[in-house]
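Accompanying notes for the structure given below.
The values are calculated or read from the model by the stated rules, or taken from the named source; none is laboratory data. Since this is a predicted model, take the numbers as computed values, not measurements. So basically every Cβ, Gly included, is an ideal-geometry build from the backbone, and we count neighbours across all protein chains shown. Heads up: the accessible areas ignore ligands, DNA and RNA and are worked out on the full protein's heavy atoms, side chains in. Shrake-Rupley method; radii C 1.70, N 1.55, O 1.52, S 1.80 Å.
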Amino acid sequence: MPVFSVPYYKGIMEIELPEKNLKGVLISKAADYKTNLREKEIVERALDNPIGSKSLEELVKDKKNMVIITSDHTRPVPSKITIPILLTRIRRVNPNIDIKILIAAGLHRPTTKEEMVEKFGETLVKNENIICHKAKDKDNLLKIGILPSGGELWINKLAVETELLISEGFIEPHFFAGFSGGRKSILPGISGAETIMANHCSEFINSENSRTGKLFNNPIHGDMLYAAKASKLAFILNVALDKDKKIISAFAGDSEFAHNKGCEFVSKFYGVSGTKSDIVVTTNGGYPLDQNVYQAVKGMTAGESLCRDGGVIIMIASCCDGHGGESFYRNVADAKNPKELLSKILKVSKKDTVPDQWEFQILARILNKHKVIIVTDMCYPKIIEDMHMYHARDFKRALELAFEIVGKDAEITLIPDGVSSIVEAIHNEG
């Protein structure tokens, strides 16, 4: 049988798929993208050629203070490379500027000291002023407007009170915002809990335009754009990564224009297409994105795109950090079945959105039409089973379970990196 290596935790998992069942392997062009430039050179070149904006150096001149927004521990942003480059350029023209690094945690748990060291490096953590955003800390939030959705826009007061606000991050397909990066540093990154929940309401999540790779008429994206402009996000540095989390391109400049260029690049290199299958095998791209069930829902949506109704999605994800959120877990586990949960969520108004609702809404949507098997040897099986999914300790057992559900003649499609793929279903299966 053909053997494939797929990302799992901080390494790979080798899986065997029977050739007679294998319908396709969907690998994006990004996996084989080659460049002669080193990662630092790619970043420096982007900063030398800002898109729709003055240079970073021009922006920091004569400023007394600034805030750099960065991603948290759940995102593979190569901050060990990008942050030192930003700091060097800033201090070269303004040695005395006060710089705060604000971790855009959204509603995630705070990043631990150990995770900061892993993300930024020990020297940077020791020498820089790094603050983790807390979405529920109302004392450290300020209201700066009303979102197109009608929700109040509350963001971290450090971002409001600073003279210059910039952000760094990375662009990849996102399962309801279209793409990550850019404006997402503000919303949900450094926004208040109520603001995030208004933006992530059931109506917006249910929109056919709130899907992977879609920005046009995406109501969630519309709110995020407004938030970036209202917060005066002046400059961004966003990178695109390959399957090994290495930088293959970078985009710097205006928060909207530079982000759009990055999204165009990602669309071109991360798109894959295939026809519907009975079984879809996918992953969440390995660590850090595969560290809990909450994050693994993103990769499941890639499987959802190509899985026939009644079919099976095999999600390979370590879930080493468990379910990823008590509210997320309890709402799914306490539901009689996914259909009942989905029906209940769709009746919730914008103002009554609850934490993690968007995540269990999407999971319920997937489970309403498909069976999901999570392959992991690092998560307590009962957590997965409580959430109306199947657990398999290894891939061999997962495939056996899948065949029991849909039959031994089932067609299989493999998407090695579901979280980084923009999946298009081809409907002319004849």
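Give me the percent of the accessible area of the chain that comes from carbon and sulfur atoms, probe 1.4 Å, all protein chains in place. Before the final figure, lay out each step's value.
Details: 8630 of 17910 Å².
Its accessible area is 48 percent carbon and sulfur atoms.
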Virtual paramagnetic centre 7 Å along Cα→Cβ of residue 16, amide N under 13 Å, in region 390-413: 395-397, 399-400
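Of the cross-linked pairs 113/184; 136/298; 344/396, which ones have a Cα-Cα span greater than 32 Å in the structure shown? Mind dumping the intermediate values first?
Details: 113/184 23 Å; 136/298 24 Å; 344/396 36 Å.
Too far apart for the 32 Å limit: 344/396.
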Highest-fluctuation residue, 294, 329, 380 considered, GNM on the chain with Cα pairs under 10 Å: 380
For the chain, the longest site-free run once GluC sites (Glu not before Pro) in DSSP loop states with at most 11 other Cβ atoms within 10 Å are removed: 209-428
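What is the Å³ per residue value for the convex hull set by the Cα atoms of region 60-127?
Working: hull volume 5.7 nm³, N = 68.
Enclosed volume per residue, from the Cα hull, is 84 Å³.
Of all DSSP beta bridges in the chain, what percent run antiparallel (nearest 5)? Provide the component values of the computation, followed by the final result.
On the way: 20 of 66 bridges.
Given both bridge residues lie in the chain, the antiparallel proportion sits at roughly 30 percent.
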Overall Cα dimensions of region 220-376, principal axis frame, Å, largest first: 48, 37, 30
Candidates per chymotrypsin sites (Phe, Trp or Tyr not before Pro) in region 157-258, loop by DSSP, up to 12 other Cβ within 10 Å: 216
Max mean-square fluctuation residue, GNM over the chain, Cα-Cα springs under 10 Å, options 73, 108, 200: 108
Compactness of region 287-421 as Cα Rg over 2.2 N^0.38 Å, two decimals: 1.01
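How much mean residue ellipticity at 222 nm does the chain get from its helices, if each DSSP H run of length 4 or more adds -39500 (n - 2.57) and you divide by all residues, to the nearest 500 deg cm²/dmol?
Roughly -9500 deg cm²/dmol at 222 nm, from the helical runs in the chain.
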For the chain, cysteines whose Cβ has no other cysteine Cβ within reach (under 4.7 Å): 132, 201, 263, 307, 320
Cα convex hull of region 1-127 - mean projected area over all directions, nm²: 11.7 nm²
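Subtract the Cα-Cα distance of residue 275 and residue 203 from 0.36 nm times their separation in residues, and report this length gain in nm to one decimal.
Values: separation 72, 0.36 × 72 = 25.92 nm, distance 2.85 nm.
Extra length from residue 275 to residue 203 when fully extended: 23.1 nm.
I'd like to check one number: the per residue accessible area of region 38-116, probe 1.4 Å, reported in Å² as a whole number. Don't skip to the end; give the middle numbers.
Numbers: 3620 Å² over 79 residues.
Here the residues of region 38-116 average 46 Å² of exposed surface.
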Segment residue 131-residue 246, length gained on full extension (0.36 nm per residue, minus Cα span): 38.8 nm
Whole-number percent relative contact order across region 87-190, with pairs defined as alpha carbons under 8 Å at least 6 apart: 27 percent
Percentage, to the nearest whole number, of Cα pairs in the chain over 26 Å apart: 54 percent
Principal axis dimensions, region 63-212 - Cα atoms, whole angstrom, descending: 47, 28, 26
Label-point gap, in nm, between residue 425 and residue 320 - each point 7 angstrom along Cα→Cβ: 3.4 nm
Zone residues, region 217-257, relative to residue 34, backbone N less than 15 Å from point 7 Å out along Cα-to-Cβ: none
Paramagnetic reach from residue 57 (point 7 Å along Cα→Cβ, amide N under 15 Å) across region 69-107: 85-95
Pairwise Lys count, region 2-91 - Cα closer than 25 Å, eight or more residues apart or different chains: 15
Cα long-axis angle, helix 293-306 against the chain (0 to 90 degrees, to the nearest 10): 60 degrees
With DNA, RNA and ligands ignored, accessible area of residue 1 (1.4 Å probe; Å², nearest 10): 140 Å²
Debye equation applied to the C-alpha atoms of region 289-340, log10 I(q)/I(0) at 0.15, 0.23, 0.30 Å⁻¹: -0.48, -0.99, -1.10
Hull shadow area, averaged, region 179-260 [alpha-carbon convex hull, nm²]: 5.8 nm²
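Taking only protein heavy atoms and a 1.4 Å probe, what accessible area per residue, in Å², does region 275-430 have with all protein chains in place? All intermediate terms of the calculation are to be shown ahead of the outcome.
Working: 6040 Å² over 156 residues.
On a per-residue basis, 39 Å².
What is the chain's relative contact order, in percent, from Cα pairs under 8 angstrom and six or more apart in sequence? Before the final figure, lay out the partial values.
On the way: 983 pairs, mean separation 86.5, N = 430.
Over the chain, the number comes to 20 percent.
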